[in-house]
Each structure stands twice: as C-alpha cells, then as structure tokens.
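Data first, discussion second: the structure below is written as structure tokens.
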Amino acid sequence: MILGAHESAAGGCHHVFERCARDGAHAVQIWTRSSRQWASKPLQPDDVRAFKQAHAAYAKPKIPTAAHASYLINLAARAPAIRERSTATLLEECRRAETLGVGQVVVHPGAAQDAPVEEGLARVARALQRICRALGPKPRVRLLIEFTAGQGSCVGCSFEQLDAILQKAGERRLGVCLDTQHMFAAGVEWTTPRGYERTFEEFDRVVGLRHLEAFHLNDSKRPLGARVDRHEVIGEGHIGLEPFGRLVRDPRFAAVPGYLETPPLANGDESYALGLQRLRSLL
C-alpha cells in the first residue's frame, strides 16, 4: 500500500507537500475548499501553478493525490434544492481537482433521511451520472464513493449499497474508497484473520476489487457495530495495530493509496507521522 495522510492546506494547497515531507507521506489527500461551507473562492492561477510545481518536485514519479469533497454534500437527499446544490458542489470539486492535477475526489454519498434506502441510492446514482457526463468522456479525475459508518440514514454502509450505486450510475469514472473505521463501525469484522479474508472475498464478489481505488486508514474510538463515525490514532482504538498489518502487507493493495485521517495527539500535534511510522513497522 502507498501510505499517506490528509494534510492541511492552510496557507495554500502547495504547502501540503511540506507537511508530507514532515510526516513521511507517500500519498496525500487535501481539502481544495472549506469542508463545511457551500461557497468557495476560485482557484487562482498562481496557486494552481505553485501546487503543480510542488507536486512535481516532491517525488518522482509524482505521489498519488486525492481531494475530499465537502461534508455538506448530500446526493441522497429527498429535497430537490439540497440535492441540486450538492450535485453542483461535487461537480465543482471535481473540476477544481482537475485544474490542480489531483487524481481522485472522495465523497460521502449522503443520507436518505426519511425516505427508503433504495430511493436514496437511486438519487445518489443519478447525481453521480450527471456529474460524470458533465465532466466529459476523457477522465482526468476519478470519483470515489466512500464506505460510510452507517450513522442515522446514511447510505453506502454496506458492500451491497456501494454496488447498487455503481450499477445504477453505470459510469466508468466511479470507484470506491474503503474507510477502515467506517467498516468497523458499520459492523464489518475485518480485524481478525478469518474476518479479513471473508471481508475481501465478499467485497470482490459483491463489488469487485477492480473498483477499490483508495483506503482511509483510521482506528476507531467506538466498538464494532457502533454505527458512529469516530476516528482514533492508529493502534490506540478498538481496532488496534495488528489488523492494519494484514491490510498494508496485502499484495493486492500494493499500488493503492491509503490516507490517514486520524485526530491530533493529546498534545495537539498531528498524529500522521506517528501513524505512518507504526504502519511501516508492520511491513
């Protein structure tokens, strides 16, 4: 696995590569805009140029990059106004990623709210289909649907739901990002040797390993099946260190980026350097 982290873009997106160097990241996920506001400032040519130069200078070949889409996006929403705004925002996010040369955009599919799950999944698929067609036939960015923790009425918390979205959308630009904490929270027992084998056998049967294009690497503050999205520092939560060893050593995922999204340490420092060090010790 190509081990990286979600680094801060404070001061300008190009500064993420300085933080990658600090933490020893070989892949990087970023925000290209605020994660909790609809409005965003346009990317300036100088910022785009600085990001591309820093990306090219950091390592050769260039390291994998991803952008995490806004948390406000809800493609499954029943309310047309929210769904339309979400679709437009995700399309803009993909175009920002293309401008920067970022390879992936990762999105939470959203919540069905008071509607049946099947309706929510269908709405997500239609929105993704519109976005992919608006981006055109030449894919410069991959759009990845993230496995969710199953909080409330959130969709995308089972392999069957992810497959339903992919099948209904029918777009080659789409893939999947598996979050280790979200799977655990949703009740997927991937942390034991037999559970690990069973989990990826099932994923391959239901979705297909060819669709798995990124991981979010997070320990969990809450126990198996809690259905709560609460990340913990690698090796310090209910998952523990050992299960990550099976994942990072798995030859099937040697070329797949894995991005840490773990919370700060008790002293306020970022936990990425420690997390990456711990994961590499398992290789």
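The set of residues in segment 264-283 being buried (at least 16 other Cβ atoms within 10 Å of the Cβ) and either part of a loop (DSSP other than H, G, I, E, B) or touching a Pro at 6+ places or on another chain (Cβ under 7 Å) (or both) consists of Glu270, Ser271, Leu282. Contact map, segment 22-51: residues that are on the phi < 0 side of the Ramachandran plot and part of a loop (DSSP other than H, G, I, E, B) paired with residues that are of a type in the set (Val, Ile, Thr) and surrounded by 13 or more Cβ atoms within 10 Å (Cβ to Cβ), Cβ distance under 6 Å, separation 6+ or inter-chain. Pairs shown: His26/Ile2; His26/Ile63; Ala27/Ile2; Ala27/Ile63; Leu43/Thr99.
Checking every residue in segment 196-205 against the condition of being in a loop (DSSP other than H, G, I, E, B), surrounded by fewer than 17 Cβ atoms within 10 Å (Cβ to Cβ) and either touching a Ser or Thr at 6+ places or on another chain (Cβ under 8 Å) or among the basic types (Lys, Arg) (or both) gives zero matches. State whether one or more residues within segment 65-86 are in contact (Cβ under 8 Å) with a residue 40 or more places away in the chain and under 26 Å from Pro251 (Cα atoms). Yes, because at least one residue in segment 65-86 is in contact (Cβ under 8 Å) with a residue 40 or more places away in the chain and under 26 Å from Pro251 (Cα atoms).
If you go through segment 73-107 and keep only what is in contact with a Phe, Trp or Tyr (Cβ under 9 Å, 6 or more places away or on another chain) and among the basic types (Lys, Arg), you end up with just Arg85.
Any chance segment 214-221 includes a residue that's more than 14 Å from Phe184 (Cα to Cα) and in contact with a strand residue (DSSP E or B) (Cβ under 6 Å, 6 or more places away or on another chain)? Looking for residues that are more than 14 Å from Phe184 (Cα to Cα) and in contact with a strand residue (DSSP E or B) (Cβ under 6 Å, 6 or more places away or on another chain), one finds at least one in segment 214-221, hence yes. If a residue has to be among the hydrophobic types (A, V, I, L, M, F, W, C), at pLDDT 95 or above and out of contact with any helix residue (DSSP H, G or I) (no Cβ under 7 Å at 6 or more places or on another chain) to count, how many in segment 22-42 make the cut? Residues flagged as among the hydrophobic types (A, V, I, L, M, F, W, C), at pLDDT 95 or above and out of contact with any helix residue (DSSP H, G or I) (no Cβ under 7 Å at 6 or more places or on another chain) within segment 22-42 amount to 2.
Would you be able to tell me the number of residues in segment 249-263 that are surrounded by fewer than 21 Cβ atoms within 10 Å (Cβ to Cβ) and either farther than 19 Å from Gln104 by Cβ or without any contact (Cβ under 8 Å) to a residue 12 or more places away in the chain (or both)?
The number of residues fulfilling the criteria is 4.
Filter segment 106-143 for residues that are surrounded by fewer than 23 Cβ atoms within 10 Å (Cβ to Cβ) and either over 24 Å from Arg78 (Cβ atoms) or among the basic types (Lys, Arg) (or both) and give the result. Answer for segment 106-143, where residues must be surrounded by fewer than 23 Cβ atoms within 10 Å (Cβ to Cβ) and either over 24 Å from Arg78 (Cβ atoms) or among the basic types (Lys, Arg) (or both): Arg126, Arg130, Arg133, Leu135, Gly136, Pro137, Lys138, Pro139, Arg140, Arg142.
The values are calculated or read from the model by the stated rules, or taken from the named source; none is laboratory data. Note that the structure is a prediction, hence the values are computed from the model and not measured. With ideal geometry, Cβ positions are generated from the backbone for all residues, glycine too; neighbour counts draw on all protein chains shown.
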